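Working notes, beginning with the structure itself.
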Amino acid sequence: MILIVDSGATKSDWIALDEEGNKLFLTKTLGLSPEVLTREIIDERLANNFELSNNKEKVTQLYFYGAGCGTDRMKVYLTKIFKNFFVNAKTFIKEDTYAAIHATAEPGEHAIVCILGTGSNCSYYDGSEVFQKVISLGYILMDDCSGNYFGRQLLRDYYYHRMPKSLAHKFSEAYDLEADVIKNNLYKQPNPNTYLATFARFVIENREHEYSQKLIRKGMQLFIDNAIRQYEQAESVPVHFIGSIAYYLQEELHEVMAQNNLKVGKILRRPIDNLVEYHRNIVFNK
């Protein structure tokens, strides 16, 4: 059995294939970001999934694409955890950027590939190799235009009384905005980046409001200036996007990109299905 995994900070999509590349099952776990989770939490999330626990000894290959897996230290950390759980599996770990590239870029295509989900990322693909000019320092310092970026801005504007009163009232009805609750989730609970990203739904659901439009377009422009414009090829190649923020706000994304003379390529909510096709075509040679 072969497992292919796309793991973001919020959730992980798992697809099991047989040796011929046929789908056996699809399942989900919470996100398995190694930068913010302890071994105990990751072990628990694996063990609590029925499909994974029931088939763990059958797995022979594990292809894991995950947020926070860009360094050797994190790859070693996760490999040890997976080896203990999937005892018969050979493990291949890459950062989620590769999942986005395999899911969107055609063979040999030159493209910029972006992730706009719970976090954000941007890479250049020359048809064979991946180049990343900016090393991410995580959700506190970076992640422009991500779910946690919008959550952070919403909370700041609400507490600084910069949010329009009608929208602030609606925001307070939709979420528990008690200061102690927010601080507990940010400073004492795991996955504070995922917690912040839960507020991004409010921007999407109220996207027609002038306040939301300004916030959305400001975040997108920051991402273009700080991430996409790092590459001199930005105006000459398609720019692909993966993630819920890009998917649900694609109308605004198309407009802001056009204003910056940039060409939008594919926009996918999640890469897992296209990732399976990549493995069938490239790994299994089907």
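Of everything listed in (1) in contact with a strand residue (DSSP E or B) (Cβ under 7 Å, 6 or more places away or on another chain); (2) in contact (Cβ under 8 Å) with a residue 12 or more places away in the chain; (3) surrounded by fewer than 17 Cβ atoms within 10 Å (Cβ to Cβ), the single unmet condition for residue 221 is (1).
Scanning the stretch 132-162 for residues that are over 27 Å from the mean Cα position of the chain (by Cα) and of a type outside the set (Ser, Thr, Tyr) gives 161, 162. Residue 215 meets the conditions (1) free of Cβ contacts under 8 Å to residues at least 12 places away in the same chain; (2) assigned to a helix (DSSP H, G or I) in every case but one. The failed one is (1). Scanning the stretch 1-36 for residues that are over 21 Å from residue 201 (Cβ atoms) and either part of a helix (DSSP H, G or I) or under 16 Å from the mean Cα position of the chain (by Cα) (or both) turns up 4, 5, 14, 32, 34, 35. Of the residues making up the stretch 225-243, those that are at negative phi and crowded, with 22+ Cβ neighbours inside 10 Å number 5. Of all residues in the stretch 267-286, those that are assigned to a helix (DSSP H, G or I) have Cβ atoms under 8 Å from Cβ atoms of residues that are charged (D, E, K, R) and at pLDDT 85 or above, 6 or more apart or on another chain, in 272/6; 272/13; 275/6; 276/23. Kindly indicate whether any position in the stretch 177-189 is at pLDDT below 95 and either hydrophobic (A, V, I, L, M, F, W, C) or within 30 Å of residue 3 (Cα to Cα) (or both). Scanning the stretch 177-189, I find at least one residue that is at pLDDT below 95 and either hydrophobic (A, V, I, L, M, F, W, C) or within 30 Å of residue 3 (Cα to Cα) (or both), so the answer is yes. Of the residues making up the stretch 9-24, those that are more than 23 Å from residue 97 (Cβ to Cβ) and surrounded by 14 or more Cβ atoms within 10 Å (Cβ to Cβ) number 3. Taking the stretch 1-28, which residues are at pLDDT below 90 and either touching a helix residue (DSSP H, G or I) at 6+ places or on another chain (Cβ under 7 Å) or among the basic types (Lys, Arg) (or both)? Answer for the stretch 1-28, where residues must be at pLDDT below 90 and either touching a helix residue (DSSP H, G or I) at 6+ places or on another chain (Cβ under 7 Å) or among the basic types (Lys, Arg) (or both): 8, 9, 10, 11, 21.
Criterion applied to 112, 93, 135, 140 was being in contact with a Lys or Arg (Cβ under 6 Å, 6 or more places away or on another chain) and either at negative phi or at pLDDT 90 or above (or both), and the one residue passing it is 93. Residue 207: within 20 Å of residue 144 (Cα to Cα), of a type outside the set (Phe, Trp, Tyr), outside any helix (DSSP H, G or I) and in contact (Cβ under 8 Å) with a residue 60 or more places away in the chain, yes or no? Against the criterion (within 20 Å of residue 144 (Cα to Cα), of a type outside the set (Phe, Trp, Tyr), outside any helix (DSSP H, G or I) and in contact (Cβ under 8 Å) with a residue 60 or more places away in the chain), residue 207 does not qualify. Here the stretch 37-59 is the region considered, the condition is being closer than 12 Å to residue 190 by Cα and not in a helix (DSSP H, G or I), and the residue that is modelled with the lowest pLDDT is 37. Condition check: buried (at least 17 other Cβ atoms within 10 Å of the Cβ), part of a loop (DSSP other than H, G, I, E, B), touching a Leu at 6+ places or on another chain (Cβ under 9 Å) and touching a residue at least 40 places away in the same chain (Cβ under 8 Å). Does residue 62 satisfy that? Against the criterion (buried (at least 17 other Cβ atoms within 10 Å of the Cβ), part of a loop (DSSP other than H, G, I, E, B), touching a Leu at 6+ places or on another chain (Cβ under 9 Å) and touching a residue at least 40 places away in the same chain (Cβ under 8 Å)), residue 62 does not qualify.
Scoring residue 68 on the criteria (1) in contact with a Gly (Cβ under 8 Å, 6 or more places away or on another chain); (2) buried (at least 23 other Cβ atoms within 10 Å of the Cβ); (3) at pLDDT below 90 leaves a single failure, condition (1). Filtered by the rule that a residue be in contact (Cβ under 8 Å) with a residue 40 or more places away in the chain, of a type in the set (A, V, I, L, M) and in contact with a Leu (Cβ under 7 Å, 6 or more places away or on another chain), the stretch 17-51 gives a lone residue, 17.
The values are calculated or read from the model by the stated rules, or taken from the named source; none is laboratory data. Since we're looking at a predicted model, the values are computed, not measured. As a convention, Cβ positions derive from the backbone with ideal geometry for all residues, glycine included, and neighbour counts pool all protein chains shown.
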